[in-house]
1. Based on alpha-carbon atoms only, what is the radius of gyration of the chain relative to the globular estimate 2.2 N^0.38 Å?
2. With a 1.4 Å probe and every protein chain kept in, tell me what percent of the accessible surface of the chain is carbon plus sulfur.
3. Run the simple label-point estimate for Val124 and Gln587 please: 7 Å along Cα→C-beta, distance reported in nm.
4. Between Gln525 and Leu90, what length comes free when the chain is fully extended (0.36 nm per residue of separation minus the Cα-Cα distance, one decimal in nm)?
5. Taking a 21 Å limit on the Cα-Cα distance, which of the listed pairs Lys219/Lys558; Lys197/Lys316; Lys544/Lys621 fall beyond it?
6. Note the angle between two axes, namely the Cα long axis of helix 179-203 and the longest principal axis of the Cα atoms of the chain, as a number of degrees from 0 to 90, rounded to the nearest 10.
7. What distance in nm separates the two pseudo spin-label positions at Leu15 and Arg607, each 7 Å out from Cα along the beta-carbon direction?
8. Thinking of region 478-574 as a set of Cα atoms, what percent of all their pairs are more than 23 Å apart?
Amino acid sequence: MSQTNLQESKLKALLNQLGHYFAGLNYSYGLRVVVGVGIAWFIAFRLQTDKPYWSIMTVIIVSLPMQSMLVEKFLARLIGTLVGAFVVTLLATVALDDQWLFTIYMAFWLSICAYLASIKSSMVTYCFALCGYTSAILGFALSISPSSYMVFQITQARILEILIGLVTAFFVSMLWPSHLERIIVKQKLRLQRSNVKQLYQALLTADFDPLKFNKVYEKTLLGLMDFRDLIYQEFLSVSTEREDNQMIYHYTYRLMRAMSGVLVLQSIKQDLLKSDQVAVTEYLNQLNQWFATAGITEEKLKRKPKAPDALLKTAKGAEFVTKLDEKFTEFYQTRLDQEIDESLYMPDRNIHYSDRKEALINSGRTFISILFGMFFWMETQWDMGYILLILIGIICTLGATYPMITKLLTITFVLTLLLTIPISFMLKFGLLIQATSIVPAMMIILPLYFIASLIRASSMLGFLVGYGFLLASSFLIGFSNPMSFDINAFLNQTFALLVALGIILLIFNIIRPTSNERKMIRFQQDIMQQFSQLANHVSLQAVKNYEALLTSAVQQAKVIPDIQEKSRFLAHCFLTVVILKEQLKLQNAGIEWIIPDNLITAIKEERIDEALLIVNKLEEKAPQEEQLTYWILRCALTSFNQFLEGMD
């Protein structure tokens, strides 16, 4: 290939990559943000509020890439705003005359908000995070004006500004066309079914690497859980069809049910391949070819290859064939228009896993950070010191809901210093100072906010860059009414932002968040404790609640990068569910199967070789009706042991 052709090929590849990147940007979200910011900015100016940037920041915070998430955050924001205003007013009446006492009370209240934001889930989490956010904005602004009149004035002004942004963002997203989102949802739905189908194909491949299979299963499961949460949020959208959402939501759980026993089948397959490799391999090859063909569900199930007699003549082989048939039936009968059946289990969303230790760490860190900021303010006698406390309170309470917060703060600090501050300075003192009214000012700001919104919705790094720029620039530019171009005020705000980030980074490095490794170990210990309490006391509802708890814990773990401890935790979840479901199955058949304490202890302590010896001895002595259960348990333990050995 000539040099010219090579360069043309590289240029074409680059242009294709750029085309895919720009085609994948969420332009609808970018437009919603700038329209919401423009309307909130205009209304705040017309109503002559003194700090419209709180309205603008509110729009930025509650406007999300998917419109469906807006209603939940609208309700959380509204409740958080009202509760925060009430508590701050109550604290002000008690201790506003004493700045230190008021700060201690505020620090205690914000630490409670940070704790509840960390330990609760869904709407409650965001409600308390925003309650702390509102309290910080109102409370520390009051500390420089200790009078009943100012308490009323500042409180009603900040609430009005926040509500302008909140209501504007809500109605812009509510009235915005949502058909593009529905197309994306349908595309993701087809992708989820395709991923489950690929998992089945891996199961039907005799020589598929077991460790790789576990990774495929983990990726497929987490993808389904992400999609399920997306559809759950769609229920809260006023711009989409609820019946359509309900069908997709139930369809997602049917896909999860279709893959729920696949890991057990994989472990059984591995065991059967040791004893009857020829028959099992031949049958799997036939099934794989059949599974790859197209056809109508009923006709295709009728064409399913029959299992060889060599496989059916043994109880273990027959059990494997039966379980495979059940999975195929579940998979092919999973349709969007399928009626809801009572056997479809969907975990109770009111049951959630709480990491109380991490919540206490967040709470203590918030309290100490605010007191440290107060000490810095008092020692320096800085006129704008209250802004420092506002920023510390906001970052600590909102940051309690973000994973990997230390890295996020570090990146935010660097981006603020190198990107946001210089751009905000040039915008304010280079361009906005020349604007004679709000319209030309919007023409300067809104295109940049559109670009930042696109970057925010593009990736995790884009989120840090775009979101950090939107919030920090709104604060630094200070969209006041009228606009002020005081260089000293800008420098004070810049210094307050950097010092707030610096103080919080310092405290975060002193009171460190739990490492991902330790957090996963704690998750695993908590889950195994729940398992040991539930074993030998199973009921249908108890097992369902346990699965709901696992679902919540796995949901929290998915934001953690792929590390050994995370995979180990997920493997424990799989193993415990297998054991409990087998015990429940025997119980429903009228058979009381007691799991010995030494077996439970061996599994908890990961002494799997010892656990296998215990199971082998119990299997030899067990009655006929329990033989298959012990065999399935032995297969699961063997796969679990191979998984642990593969990690070492």
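The values are calculated or read from the model by the stated rules, or taken from the named source; none is laboratory data. Keep in mind the model is a prediction, meaning the values are calculated, not measured. Note that we place each Cβ from the backbone using ideal geometry, even for glycine, and neighbour counts take in every protein chain shown. Protein only, heavy atoms only, side chains kept; ligands, DNA and RNA dropped before computing areas. Shrake-Rupley method; radii C 1.70, N 1.55, O 1.52, S 1.80 Å.
1. On the way: Rg = 29.0 Å, N = 648, 2.2 N^0.38 = 25.8 Å.
Ratio of Rg to 2.2 N^0.38 Å for the chain: 1.12.
2. Details: 17980 of 29470 Å².
Roughly 61 percent of what the probe reaches on the chain is carbon or sulfur.
3. About 2.6 nm separates the two model spin labels.
4. 152.5 nm
5. Details: Lys219/Lys558 10 Å; Lys197/Lys316 25 Å; Lys544/Lys621 31 Å.
Over 21 Å apart, Cα to Cα: Lys197/Lys316; Lys544/Lys621.
6. So the inclination is approximately 30 degrees.
7. For Leu15 paired with Arg607, the spin-label model returns 6.8 nm.
8. Numbers: 2495 of 4656 pairs.
Of all Cα-Cα pairs in region 478-574, 54 percent lie more than 23 Å apart.
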